[in-house]
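Read through the structure below, which is laid out as structure tokens, and then see the notes.
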Amino acid sequence: METPTKRISYKQASTVTKTRFFDAFDRRSPTEPLQNVIQSLHFPYSQRTTERWLRTRRGAGSNIHEAYHRGGKHHKKPSKITDAQLDTLLDPKNPVRTQDLQTQIDYHNIPISKRAMQTNLIKRRHKAKRYKMARVTSISKKNMQERVEYGKEHQDKTVDDFWQYIHFTDEAHIDPAQTSQMWILREQGTRFEPENLQHKPFKIKQKIHIAAMVSWNYKSPLQFYNDESDHLDIQKKPRKPRKSKYETEEEYQKQVMEWEASLPHDVDNPQPQGNKMTQKYYTERLLPIYIKKLQEDSRNILQEDNDSSHGTRSKNNVARKLKETNLIKTLRHPAQSPDLNPIEGIWNILKQRVRKRYGDWRTIDELKQVILEEWDKITLDEIRARIAEMPTRCKKLVANGGERIKSKLW
């Protein structure tokens with residue numbers, strides 16, 4: 001056999017090429033020379049090269065080409081980085097955890113490249129890599145202590161004997177302008193085809209404010225509030241009444257209650273922003289709806305957050321008086337604790353589903369209709385799944401010292 005003009009080096013031989021050679025070599029008769037096997041395959045390799053392949057196979061102690069047929073890796077090198085080193089990088093106490101990856105590698109004296117480290121983190125530690133930190137509002141020490149006390153008080157209570165009777169209430173808002181850019185599977189060069197376009201939402205500056213109450217066996221109708229300018233007539237902040245020497249203390253306190261109930265959260269803008277409302281509005285329009293449902297069973301308990309409109313911050317206000325008059329039991333709710341109100345998880349579901357229907361509305365009335373349709377689709381099973389987490393969340397509060405609780409549901 002003539003020597004090829006352009007010889008391919010040993011390192012350039014592919015796995016398929018070697019496999020073909022080993023198969024042909026193993027099928028040959030014992031008396032057939034190696035040169036005949038090479039010629040039958042029309043290989044551009046010399047006999048010396050194929051003999052080196054055979055020596056390598058014998059040194060491995062097994063038939064390497066069988067591993068090729070199985071699709072396995074016959075020479076899997078051990079990783080240069082240990083599990084302990086990966087754990088060191090991911091340890092919350094890692095002093096350089098916020099630095100770039102190369103800085104962390106150098107700091108811990110790990111003999112590996114940045115690229116190899118990235119691969120190891122992704123494959124061996126649940127797609128670990130550098131992510132942006134989630135930004136949240138810090139919880140004050142006082143509120144963290146209150147959260148711990150809340151957890152201790154309720155951690156041993158079950159759904160059957162306690163949580164099924166809690167009626168969770170809350171207010172939220174939906175901003176039509178908050179529509180994220182969607183992803184779509186398409187071919188290259190078809191970006192501007194009609195079926196691949198996402199139209200920007202119509203510019204509606206007004207936010208839709210909503211309120212509701214949910215429990216283990218109940219989902220209230222969705223209430224819209226403070227989205228009509230005629231609901232409130234606020235021109236400026238009213239002055240606090242002064243006590244006259246001719247009136248009694250009881251008469252004066254009654255005037256103060258009426259003054260507090262009329263105070264808005266933002267007196268400079270008659271159109272309420274966010275999900276704020278006055279105590280008077282809450283007492284006249286929303287609270288009576290909740291009370292009617294709560295009175296159906298003496299075991300029912302009302303849960304409200306600490307928004308000033310709910311009257312939970314003081315004892316002398318119209319909202320508290322209305323609840324006391326109707327014998328409504330309430331559940332103390334720690335401040336800065338949306339993670340202890342399951343209806344927050346229901347708001348997340350509602351907002352996600354409404355955003356997916358961004359093209360189904362052009363006006364405020366049409367958007368409201370979409371919101372109502374999606375609210376009606378929320379099931380009791382979805383509500384119960386979030387309420388069922390409350391015992392676990394209370395236990396976690398005690399264990400973590402009052403830090404925020406986050407799960408896959410909310």
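For the set K157/K368; K142/K292; K280/K408; K219/K356; K114/K351; K157/K207, the pairs lying more than 30 angstrom apart at their alpha carbons are K157/K368; K142/K292; K280/K408; K114/K351; K157/K207. Spin-label pair Q102-R313: with each label point 7 Å from Cα along the Cα-Cβ axis, the two points sit 5.2 nm from one another. Going from the fewest other Cβ atoms within 10 Å to the most, the residues L185, L327 appear in the order L185, L327. Remark: region 147-154, residue by residue, has Karplus-estimated 3J(HN,Hα) of 5, 4, 5, 4, x, 5, 5, 10 Hz, where x stands for each Gly or Pro and the curve is 6.51 cos²θ - 1.76 cosθ + 1.60 at θ = phi - 60°.
Both radii come from the Cα set of region 91-213: Rg as radius of gyration, Rh as Kirkwood radius; their ratio Rg/Rh reads 1.12.
At full extension, E284 and T31 could sit 80.7 nm farther apart than now, given 0.36 nm per residue minus the alpha carbon distance. Bin width 5 Å, origin at 0, all Cα-Cα pairs of region 276-410: what percent of pairs per bin? Computed distribution, short to long bins: 2, 8, 15, 16, 18, 18, 15, 7, 2, 0.
Note on region 83-124: the alpha carbon radius of gyration divided by the globular reference 2.2 N^0.38 Å gives 1.03.
Take 87-95, 352-360 and order them by the average number of nearby Cβ atoms within 10 Å per residue, most first; the result is 352-360, 87-95. Calculate, for S79 and D297, the FRET efficiency according to 1/(1 + (r/R0)^6) with r their C-beta to C-beta distance and R0 45 Å; round to the nearest 0.05. With a Förster radius of 45 Å, E is 0.15. With the highest mean first, a sort of the peptides 240-249, 287-296, 383-392 on other beta-carbon atoms found within 10 angstrom per residue produces 383-392, 287-296, 240-249. In straight-distance terms, cross-link reach from K80 covers every one of the aspartates and glutamates whose alpha-carbon lies under 19 Å from its own, apart from those fewer than eight places away in the same chain; here that gives D106.
Under a 5 Å amide H cut-off, with hydrogens placed 1.01 Å from N, D170 pairs with A212 among residues at least 5 apart or on other chains.
Each value in this text was obtained by applying a stated rule to the coordinates, not by laboratory testing. Predicted model, so just to flag it, every value in this text is computed and none were measured. Positions of Cβ are generated from backbone atoms using ideal geometry, with glycine treated the same way; all protein chains shown enter the neighbour counts.
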